[in-house]
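The values are calculated or read from the model by the stated rules, or taken from the named source; none is laboratory data. The structure displayed is predicted, hence computed values, not measured ones. Neighbour counts run over all protein chains shown; Cβ positions are idealised from the backbone, glycine included. The area values use the complete protein model at the heavy-atom level, side chains included, leaving out ligands, DNA and RNA. Shrake-Rupley method; radii C 1.70, N 1.55, O 1.52, S 1.80 Å.
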Amino acid sequence: MDIEKTKEYYAQLDYSDLCQCDDCKNYVKKIKASYPLIDDYLSQFGIDITKPFETAPVDFDEETIMYLMAQYIVMGESDGFENTKINDVEIFITESHPMTSITEPHFVIEICPVYLKKN
Ligand SMILES: [Zn+2]
């Protein structure tokens, strides 16, 4: 993976480029404080946890949204990236994702599942 290019990617990615639905906005607002260990882990690769490429939210209960997955773009080749699990959250490379518009080498990782409070 290319950590510098990944940092650049997230630096130029504006919040207005992300999905603007309520569940995604909730994710952007809550994820960092709710999952600090995941944030630390992704940060070392230059990934900004507040800027997911894709999420799959479902209502879990009255107060909670369960994100079946959240996907992140990583620049460079995927060799060197190890799939892992932190607490109950799996972090792994996925081939199953929407098309990205990036022409340089990159790959997509997924974290799942994530539970966040609404509001
Ligand atoms: Zn959304």
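Quick notes
- Residue that is farthest from Thr6 (Cα to Cα), among those in segment 18-70 that are polar (S, T, N, Q) and away from the ligand (no atom under 16 Å from the Cβ): Thr64
- Segment 16-28 residues that are at negative phi, paired with ones that are basic (Lys, Arg) and open to solvent by 50 Å² or more (accessible area, probe 1.4 Å) (beta carbon under 7 Å, 6 or more apart): Asn26/Lys118
- Complete set of residues in segment 29-49 that are more than 17 Å from Ile109 (Cα to Cα) and open to solvent by less than 40 Å² (accessible area, probe 1.4 Å): Lys30
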